[in-house]
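The values are calculated or read from the model by the stated rules, or taken from the named source; none is laboratory data. Computed from a predicted structure; not experimentally measured. Counting neighbours? That spans all protein chains shown, and the Cβs are built from the backbone with ideal geometry, glycine included.
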Amino acid sequence: MNDTADHRLPEPLRKLLPPGLQALCASSPCTRGELLFKQGKKPTMNPVILESVLTCPNCWFARQETMPTDACQFFYECTRCKTLLRPNPGDCCVFCSYGSVKCPPMQLGGCCCPA
């Protein structure tokens, strides 16, 4: 039984890959393990987590949010105190700075922002 289709990297995440890896995956869609292998990393069976709890550093209010797979989320407004959150220096998005889980591209070992 071939269940490869169940483990394919979602199209929005493939678009976030560096151009070289996009080209490698262009001829046939990559599974997460194939992508990590092409990046020289050891594949794991951990699925990409799309839910993260963002915690406001101003009022400590926490809220579960769904992370986008097709873009960086650079801004987030706290629903309690209305503070506009931005990524910390060196982080690519608010989920990497204030979330309980890093963004999907970072979970895959990459970055969601073009260099």
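With the condition kept exactly as written, say whether any residue in the range 1-12 is at pLDDT below 60, surrounded by 14 or more Cβ atoms within 10 Å (Cβ to Cβ) and in contact with a Gly (Cβ under 7 Å, 6 or more places away or on another chain).
No: zero hits.
Scanning the range 65-115 for residues that are in a loop (DSSP other than H, G, I, E, B), at pLDDT 85 or above and small (Gly, Ala, Ser), which turns out surrounded by the fewest Cβ atoms within 10 Å (Cβ to Cβ)?
GLY90
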